[in-house]
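Written below as structure tokens is the structure these notes are about.
The values are calculated or read from the model by the stated rules, or taken from the named source; none is laboratory data. Treat the numbers as computed from the prediction; the structure is a model and nothing was measured. Methodologically, a virtual Cβ is constructed for each residue, glycine included, from the backbone with ideal geometry; neighbour enumeration extends over all protein chains shown.
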Amino acid sequence: MSDWVQTGIGRAEPDAIIIRGRDLASELMGKVTFTELTFLLVQGREPSPGETALLDAVLVSLADHGLTPTALAARLTYTGAPESLQGAVAAGLLGSGTVFLGVVEDTAAFLEPVVAEAGGADAADDRLAATARAAVEARLAEGGRIPGLGHPVHKQVDPRTPRMYEIAEQHGVLGAHLRALRLVADAHRELSGRALPINGAGVGGAALADLGFPSRIVRGFALIARSAGLVAHLAEEMERPLGMPLFLEVDERSRRD
């Protein structure tokens, strides 16, 4: 086999499975949580207790929000193809974009240059405030939206946001991206005259950036979290189906004059 056909993530041997250099059965199973394993798989190192707490909070915060388009897509796909559970889960994940779930990545990507220009992880708040304001001004001048701000249901406060900051502070992992997001919200309020709350996806993206994950991969964590919620919706769909009644209702309405 060519030398380049290999991975540093894991391998299977006749008497063992190795994950990031650890024996899966003897070193990981029963000794690390799924959150810790997820961090290890992606980062290549084990997280600190504080990092574990923050990543766990992000995953919990994104798991499910009711009958969102992602859940409906999964349920309706299962209605049409009950033999394909994996297809239904995949259908629910495919809508991760600028409105649902994808905001995690968009926020992290917006904050990366803000933090970098301010001096990185140890940037002072005054420098972060200046770069945050400049970034908001530039985005508003282009007619764009600021990712991570606003929510269709939580108009005043997204309940996940203050809790995420509380967990980060409690465990000593409140980093520059989370601090910058607050300053972005402040700058947006001052410049636009609109007080939009920091939403859960946005604070999740900032937290993941503080954990050292580049913006191009953070949407993956939203997909990991939402997969659990989608499996729950499909389990409920098997017991109390709403996909077919929903389709029949829409079909009936579409036929009315």
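Quick look at the values:
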quantity: Condition met for Gly204 (out of contact with any helix residue (DSSP H, G or I) (no Cβ under 6 Å at 6 or more places or on another chain) and either within 20 Å of Val115 (Cα to Cα) or not β-branched (Val, Ile, Thr) (or both)); calculated: no
quantity: Residues (part of a helix (DSSP H, G or I), of a type in the set (A, V, I, L, M) and either within 17 Å of Phe39 (Cα to Cα) or touching a helix residue (DSSP H, G or I) at 6+ places or on another chain (Cβ under 9 Å) (or both)) located in the range 6-28; calculated: Leu24, Leu28
quantity: Cross-chain or 6+ apart pairs with Cβ under 6 Å, the range 219-239 first and under 15 Å from His65 (Cα atoms) and assigned to a helix (DSSP H, G or I), then of a type in the set (D, E, K, R) and modelled with pLDDT under 95; calculated: Gly229/Asp64
quantity: Single unsatisfied condition, Arg163 versus (1) charged (D, E, K, R); (2) closer than 24 Å to Ala129 by Cα; (3) in contact with a Leu (Cβ under 8 Å, 6 or more places away or on another chain); calculated: (3)
quantity: Tally, over the range 145-163, of residues that are in a loop (DSSP other than H, G, I, E, B) and either in contact (Cβ under 8 Å) with a residue 60 or more places away in the chain or aliphatic (A, V, I, L, M) (or both); calculated: 3
quantity: Close pairs (8 angstrom Cβ cut-off, 6 or more residues apart or separate chains): assigned to a loop (DSSP other than H, G, I, E, B) in the range 191-217, of a type in the set (Ser, Thr, Tyr) anywhere; calculated: Pro197/Thr161; Asn199/Thr161
quantity: Sole exception among (1) over 30 Å from Ala74 (Cβ atoms); (2) at pLDDT below 95; (3) under 19 Å from the mean Cα position of the chain (by Cα) for Ala123, by number; calculated: (3)
quantity: Test result for Leu140, in a helix (DSSP H, G or I), touching a His at 6+ places or on another chain (Cβ under 8 Å) and either over 22 Å from Leu40 (Cβ atoms) or of a type in the set (Ser, Thr, Tyr) (or both); calculated: yes
quantity: Single residue of Ala108, Ala135, Ala185, Ala121 found to be out of contact with any helix residue (DSSP H, G or I) (no Cβ under 7 Å at 6 or more places or on another chain), among the hydrophobic types (A, V, I, L, M, F, W, C) and not in a loop (DSSP other than H, G, I, E, B); calculated: Ala185
quantity: Enumeration of residues in the range 6-18 that are small (Gly, Ala, Ser) and either surrounded by 10 or more Cβ atoms within 10 Å (Cβ to Cβ) or closer than 13 Å to Gly44 by Cβ (or both); calculated: Gly8, Gly10, Ala16
quantity: Filter pass, Val99 being hydrophobic (A, V, I, L, M, F, W, C) and in a loop (DSSP other than H, G, I, E, B); calculated: yes
quantity: The range 22-38 - residue that is surrounded by fewer than 17 Cβ atoms within 10 Å (Cβ to Cβ) and of a type in the set (A, V, I, L, M) and, of those, farthest from Gly172 (Cα to Cα); calculated: Ala25
quantity: Of residues in the range 183-214 being among the small types (Gly, Ala, Ser) and surrounded by fewer than 20 Cβ atoms within 10 Å (Cβ to Cβ), the one nearest to the chain's Cα centre (by Cα); calculated: Gly212
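Each row is one residue, and each column tells you yes or no for (1) closer than 17 Å to Ala209 by Cβ; (2) surrounded by fewer than 17 Cβ atoms within 10 Å (Cβ to Cβ); (3) in contact with a strand residue (DSSP E or B) (Cβ under 8 Å, 6 or more places away or on another chain).
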position	(1), (2), (3)
Trp4	no, yes, no
Arg20	no, no, yes
Leu40	no, no, yes
Ser48	yes, yes, no
Glu51	yes, no, no
Gly97	no, yes, no
Leu101	yes, no, no
